[in-house]
Every structure is written in C-alpha cells, then in structure tokens.
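The structure appears below as structure tokens.
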Amino acid sequence: MKTLRIPLAIIIGCLATEAQTPSTIRASSLRSNLVAELRSVHDHPEWFFPLKASVTGLTPEQAAWVPLNSDGKTNASANHSVGMIATHILFWDTDALEQLRGHRTKGTATNGETFDSFSPANWDKTVRDLDSVFTALEELVERADDSSVVAMAPMIEHICTHTAYHTGQIFYVRKLQGTWKLDNDVKK
C-alpha cells in the first residue's frame, strides 16, 4: 500500500481556510482594501499624490491664495484657495468619522460654509487635523468587527473619492500658484 504524502503547508492552509467562513474572508479582504484606499488618499503616494503631500510645505499665505477667474478677477465664492478646499475636506471627513463612530454630526453647515470657514491663522492646525482624521479613519477600519467593516464600507469609499477629487483641485491650484513644480509629480 502506498502512502499519500501531502505537504504540511497545504494541510494547514486548507484547515485555516475551512475555519473562515466566506463572509469572514470577504470582510477581511474588504477591510484590507478600505485601509489601503484610505492610506493611498491620506499619505501613501501610489498612482497619484495623496492629500498629505498636497498640503505639506505651504505657508498660511500660500494656502490663502485664490486663483483668478476667467475675467482675471479674484472670486472666492467661485474659485477656492488650497486652505478653503482643505477646510472643506476636514469638515466633511470629520463629520463622516463621527457618524462612523456613532456620534451626532455637525450637519448644520452648508457646503459653501465649509469652504468659507478657512482662516490662514489656523492653517498649521488644519494640516495636523487632516492627518489626524485620516489616521483615526484608518484605525477605525482596522479595529472594527467584520459586520461593522461591511456597514461602513460605502461611507469610507465616499470619503476616499471625495478627498481624492479635492486633492486634485489642491494640486491644480498649487500648479497655478507656482508652489508645486511639475518635476514633483509621480514617476512611474
């Protein structure tokens, strides 16, 4: 009688897979994808530069600069500064974080007010707070149980999409201003 030899690694792998339900595997995969997406938007440059890179190194005065409109005039209600965009991102991402934590949200500000609340005097705090909010979001997803990860996934995806959109605007404003040089761009 011949004996069948199965490598121990295959046996252990099969047992480990059997111990996980399909929903556990999906939640684990979803968790790792959400954390990777948050980090990509936050501070890990990959296909594009993240939010942290977009606001790093700007003075309060540079953050307050508003590009001219097509008529050659400054119109802060139509064109936004880096600081205005950053405070908008901070408002909505903080609001979303609080919702995900199960707390009441700010909810009373209009979208326009979230841009208008920028103050150059608070620029350094805004930059720190953006970093803190994303770190908290990453930690929240990492520590959440499987059912919570599944429930929060749509909100996390919207946070990342919204932030990536506005980060692109920040880089565009910086390029117009001359505070972001093309040789800083992502290299493949």
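The values are calculated or read from the model by the stated rules, or taken from the named source; none is laboratory data. Only a predicted model underlies this, so the values are computations on that prediction, with no experimental measurement involved. Heads up, the Cβs are rebuilt from the backbone with ideal geometry, glycines too, and the neighbour counts pull from every protein chain shown.
Before moving on, here are some points about what is shown:
- Condition met for His158 (of a type outside the set (Phe, Trp, Tyr), within 13 Å of Leu51 (Cα to Cα) and at pLDDT 95 or above): no
- Total residues in segment 58-75 satisfying the condition of being exposed (fewer than 15 other Cβ atoms within 10 Å of the Cβ) and either acidic (Asp, Glu) or without any contact (Cβ under 8 Å) to a residue 60 or more places away in the chain (or both): the figure is 9.
- Of the numbered criteria (1) without any contact (Cβ under 8 Å) to a residue 24 or more places away in the chain; (2) surrounded by 15 or more Cβ atoms within 10 Å (Cβ to Cβ), the one Thr161 fails is (2).
- Of all residues in segment 106-122, none are touching a residue at least 24 places away in the same chain (Cβ under 8 Å), surrounded by 15 or more Cβ atoms within 10 Å (Cβ to Cβ) and aliphatic (A, V, I, L, M).
- Within the span defined as segment 141-155, every residue fails to be closer than 30 Å to Pro67 by Cβ, in contact (Cβ under 8 Å) with a residue 24 or more places away in the chain and either of a type in the set (D, E, K, R) or buried (at least 20 other Cβ atoms within 10 Å of the Cβ) (or both).
- Every residue from segment 102-126 that is modelled with pLDDT of 95 or more and of a type in the set (D, E, K, R): Asp124, Lys125
- Residue in segment 22-30 that is at pLDDT 85 or above and either in a helix (DSSP H, G or I) or of a type in the set (A, V, I, L, M, F, W, C) (or both) present: yes
- Inclusion of Asn75 among residues that are touching a helix residue (DSSP H, G or I) at 6+ places or on another chain (Cβ under 9 Å), at pLDDT below 95 and farther than 23 Å from Cys160 by Cβ is not warranted.
- Failed item in (1) under 20 Å from Ala86 (Cβ atoms); (2) at pLDDT 95 or above; (3) of a type in the set (Lys, Arg), with Arg143 passing the rest: (1)
- Only one of Thr167, Thr179 that is surrounded by 14 or more Cβ atoms within 10 Å (Cβ to Cβ) and not in a helix (DSSP H, G or I): Thr179
- Annotation: Leu100 fulfils all but one of (1) without any contact (Cβ under 8 Å) to a residue 60 or more places away in the chain; (2) closer than 21 Å to Glu61 by Cα; (3) crowded, with 18+ Cβ neighbours inside 10 Å; the unmet one is (2).
- Residues that are in contact with a helix residue (DSSP H, G or I) (Cβ under 6 Å, 6 or more places away or on another chain) and over 26 Å from Lys181 (Cβ atoms), drawn from segment 78-96: Phe91, Asp93, Thr94, Ala96
- Scanning segment 51-69 for residues that are outside any helix (DSSP H, G or I) and within 24 Å of the chain's Cα centre (by Cα) yields Thr56, Gly57, Leu58, Thr59, Trp65, Val66.
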